[in-house]
Structures are given as structure tokens and as C-alpha cells.
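First the structure, in the form of C-alpha cells, and then the observations on it.
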Amino acid sequence: MKITYWSDYACPYCYIGETRLKKAINKLGLENIVSFEMKAFQLDPYAPVQSVGPTQKRFAQKYGISYEQASQRIEQISALGRQEGLSFNYLSTLFTNTMDAHRLTKLVQETGSKEQVEELKSALFQAYFADNKELADHEVLLAAAVQVGLDQETVETFLEGERFKEQVLADQEEARQLGISGVPYFVIDDRYAVAGAQSQESFETALRQAYLEELSESESDDNLSCGPEGCRI
């Protein structure tokens, strides 16, 4: 079972949604048959490479609300993350451009193991939401890469270039063509779409349905046969 999904490291619901999805997978005992493919989706492709202010101020300006209202909304989102067992300090996050974080993810997807990809994603989410690091900072990205076992010199050279930038842009164009305007957005086996950070129960329902259909199709293929009245089609 393959799950393709669009996500951004600066998206709180992406962190929460992916956590709920993995809990659903583990509860159903599907962890050994599920594979992931994360695709890039930048919430703001034009975001600066250095933070220009606190998240509270950015929220207030973006949604046209007061600082107090912004703080309340941010805390509500943080509470959802903490309910999932995540260290979530959304109020003090430092929003920056995530292009290089996505490029680094592409590098590990191509050269590393599945375990390294998952470890890198966790490290980057934690760097942003728990440790409040700037994800455009190459030192932050380098630390995450080394943490999951990548060669420091190789990563330093990589971050100074633009390798995989076109692939990141292609992911975003694919999302646009599919009508995906927000993340997270999950697609199970190219047939079931789950938009947003749904509840764990909702993910379980979608996964169960996809698995049962996959199992049914497999059994159907195994029983191909012909008899006096013709062949099964």
C-alpha cells in the first residue's frame, strides 16, 4: 500500500496529520506493508530566508485579527499537537523559506534508506515546532542531516547548490494541476484522497477500506481460471 502526500515543514497540520496517520497505520498493523512518498508543497514559496517576526504577528496580519486572537488560535493548534504527544511551540516558531528543507528531503529520498527519510522528516518538524529553528538556515539543515547519518561535507556542498529545486517545483505544479490548494493532502493507493489533518479514526477508516480492496483484487487475480462456460474476466 502506497501513500503519497503533499506537505510542508512549516505547516502545523502536516505535522499533526502525519502523526495521526502513522498511529492509524500502527493500530491496524499495516506498518510492514505501507510505503510513503512525501511531495513538496511550500506554504509560501516567496518566504524570506531569515525570519522577519514572530508567528503571532504574522498570524494577526495574515488573517486580519488582533494579537490576542492570533495567540489564542495558535495555542489551539499547539494543543492539538500536544494531544498527539508532540512537543509543540507554535507561538514561537520562526517562519522562513522551506525550499532547501524540501531539497534536502529529496536528496535523502534518492540516496538514503526509508528509515533515514522518516528520521529526517521528524528531525525537521522537531527543529521547527519544538526547537523553533529557522528551516532556511543551512546549519539547522546540516545538523538534521548529520543526525540521520548523512556525510557532513556532502551535505554542505549540496546545500550550496540548487540540486532538486526543479523536482520541488514539479511537486508543487503537480499539486496545482490536481486542484490541491492546501496541505496535508494524502492519497492512498492512487484512489483514496484524505485532505487535512483528519482524526486518527478517519485515517483508520480510509486505510481499512483501501487495504480490503487491495486484498480483494489480489484474491481475484489469484483465482483466474477457465471452465466449460468460459474464462473468468
Reported set for segment 110-131 where residues are touching a helix residue (DSSP H, G or I) at 6+ places or on another chain (Cβ under 6 Å) and in a loop (DSSP other than H, G, I, E, B) is none
Residue check for Gln56: of a type outside the set (Val, Ile, Thr), closer than 21 Å to Ala136 by Cα and over 17 Å from the mean Cα position of the chain (by Cα):
yes
Quick check: anything in segment 56-72 over 25 Å from Gly161 (Cα atoms), surrounded by fewer than 16 Cβ atoms within 10 Å (Cβ to Cβ) and in contact (Cβ under 8 Å) with a residue 24 or more places away in the chain?
no
Condition test on Gln83, is it over 27 Å from Val168 (Cα atoms), more than 21 Å from the chain's Cα centre (by Cα) and surrounded by fewer than 18 Cβ atoms within 10 Å (Cβ to Cβ)?
no
Would you be able to say whether some residue in segment 86-103 is aliphatic (A, V, I, L, M), buried (at least 20 other Cβ atoms within 10 Å of the Cβ) and touching a Phe, Trp or Tyr at 6+ places or on another chain (Cβ under 6 Å)?
yes
Leading residue by the ranking (surrounded by the fewest Cβ atoms within 10 Å (Cβ to Cβ)) among those in segment 143-154 that are in contact with a Leu (Cβ under 7 Å, 6 or more places away or on another chain) and in a helix (DSSP H, G or I)
Gln152
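Counting only residues that are out of contact with any strand residue (DSSP E or B) (no Cβ under 8 Å at 6 or more places or on another chain), part of a loop (DSSP other than H, G, I, E, B) and within 26 Å of Glu166 (Cα to Cα), how many does segment 1-53 have?
Pass one, segment 1-53, residues out of contact with any strand residue (DSSP E or B) (no Cβ under 8 Å at 6 or more places or on another chain): 9-13, 15-16, 19-20, 22-33, 42-53.
If we keep only those that are part of a loop (DSSP other than H, G, I, E, B) too, we end up with 9-11, 29-33, 42-53.
When the remaining residues are screened for being within 26 Å of Glu166 (Cα to Cα), the result is 9-11, 42-51.
So the count comes out to 13.
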Looking at Glu160, Glu110, which one is under 25 Å from Glu31 (Cα atoms), surrounded by fewer than 20 Cβ atoms within 10 Å (Cβ to Cβ) and at pLDDT 95 or above?
Glu110
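The values are calculated or read from the model by the stated rules, or taken from the named source; none is laboratory data. Since the structure is predicted, the reported quantities are computational estimates derived from the model, not experimental observations. As a convention, Cβ positions derive from the backbone with ideal geometry for all residues, glycine included, and neighbour counts pool all protein chains shown.
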